[in-house]
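Written below as structure tokens is the structure these notes are about.
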Amino acid sequence: MTIRIGVAGIAGRMGRLLAEETVAAGAVLAGGIDRPGAEAPAGIALLPDMAALAAGADVVVDFTHASTVAAHAAALAASGKAWVLGTTGLSAADEAAVAEAARRIAVVQAPNFSPGVNLVLALAERMAAALPGETYDAEIIEMHHRQKVDAPSGTAIGLGRAVARGRGVDLDAVKASGRDGHTGARKPGEIGFAALRGGQVVGEHTLLFASATEHIAITHRAFDRRAFATGAIRAALWAVGRPPGLYSMMDVLGMT
Ligand code: NAD
């Protein structure tokens with residue numbers, strides 16, 4: 001069976017690569033959507049909305065903007081088609097809309113679809129479980145290109161969640177993001193975030209565990225955002241025909 005993949009945000013940086021990688025994977029590009037007036041890649045007609053895109057596709061890969069998530073969740077749940085969601089910067093309400101859609105369709109959501117980062121996420125959880133927060137301060141440092149609109153990055157938050165899971169705590173209760181001014185001493189068990197923005201950096205993430213006697217750091221550098229596109233298309237092919245549920249890239253890679 002040839003799988004038909006629709007791309008939401010097809011005029012964007014990721015969307016263009018997703019269109020190319022769909023064809024490279026032997027799937028059919030079922031078209032794309034973008035904002036009105038956006039310039040689609042050559043030879044690709046823009047469809048009017050998500051409902052029209054989903055109607056002609058088996059799965060929709062969505063790398064757009066957080067403001068689209070609630071509407072896309074509703075349209076895809078109604079269509080019954082699978083959803084691969086790469087958009088980051090989601091609010092709690094957006095996440096709830098994604099979870100609601102996942103009761104009716106297969107949703108693969110990942111803050112980062114590169115296989116290497118997902119391996120780092122798995123390691124982060126195990127390292128955090130072995131390195132207690134009272135002794136080992138966990139800090140997450142990320143750098144991205146100057147156009148990025150959200151901070152910390154979705155991947156950095158994913159790393160923070162993995163550390164929190166490993167320690168059996170809730171990230172929101174221990175997160176220290178964007179320290180500035182008189183912050184007071186570091187609280188034991190805090191998970192710190194620092195975001196750098198500049199140039200054309202595709203994505204760099206370092207997870208550091210710092211104790212009084214040693215530092216352990218693990219770094220992932222993405223040189224080409226095509227790593228995310230190939231991973232997302234792999235997720236799309238995997239998602240077709242799956243029962244409803246909220247899946248991660250770890251599920252796709254068989255790492256759960
Ligand atoms: P981009 O700005 O180049 O592309 C986004 C596209 O979405 C644009 O063409 C824009 O016109 C379109 N868009 C915006 N609102 C829309 C709407 N209402 N309907 C249809 N299309 C709409 O950005 P990008 O670098 O391609 O990233 C897109 C998203 O994917 C961001 O949230 C980014 O953080 C995320 N991202 C995720 C991963 C991952 O692996 N999960 C990797 C890279 C980027």
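Every number here is computed from the coordinates shown, using simple stated rules; none is lab data. Keep in mind that what you see is a predicted model, and the values were worked out from it rather than measured. Cβ: placed from backbone, ideal geometry, glycine included. Neighbour counts: every protein chain shown.
Here are a few things to note about the model shown:
- Among 204-210, 157-163, sorting by the average number of other beta carbon atoms lying within 10 angstrom of each residue, highest first, gives 157-163, 204-210.
- Axis angle, to the nearest 10 degrees, between helix 226-239 and the longest C-alpha principal axis of the chain: 70 degrees.
- Taking the Cα centre of the range 66-169 as origin and assigning +1 to Lys and Arg Cβ atoms and -1 to Asp and Glu Cβ atoms, the resulting dipole is close to 360 debye.
- Helical content of the chain, expressed as a calculated mean residue ellipticity at 222 nm, amounts to -10500 deg cm²/dmol (DSSP H runs of 4 or more residues, -39,500 (n - 2.57) each, divided by residue number, nearest 500).
- Rg/Rh for the range 37-157, where both radii come from Cα atoms and Rh is the Kirkwood radius: 1.05
- By average C-beta atoms within 10 angstrom, highest first, the peptides 70-77, 5-12, 212-219: 5-12, 70-77, 212-219
- Convex hull volume per residue for the chain, taking Cα atoms only, in Å³: 133 Å³
- The relative contact order of the chain, computed from alpha carbon pairs under 8 Å that lie at least 6 residues apart in sequence, is 22 percent.
- Take every DSSP beta bridge whose two residues both sit in the chain; close to 35 percent of them are antiparallel.
- Centre-to-centre, using Cα atoms only, the range 37-62 and the range 201-256 are separated by 26 Å.
- Per-selection metrics, the range 1-104 (Cα): Rg and Dmax in Å: 12.8, 37
- Highest average packing first - 15-27, 32-44, 171-183, 56-68, Cβ atoms within 10 Å: 56-68, 15-27, 32-44, 171-183
- Check: the range 138-254 dipole with +1 on Lys, Arg Cβ and -1 on Asp, Glu Cβ, in debye: 240 debye
- Distant alpha-carbon pairs in the range 186-256 (separation over 13 angstrom), percent: 78 percent
- Charged side chains reduced to their Cβ positions (Lys and Arg at +1, Asp and Glu at -1) give the chain a dipole of some 240 debye around its Cα centre.
- The Cα atoms of the range 115-222 cover 37, 36, 26 Å along the three principal axes, with the biggest extent listed first.
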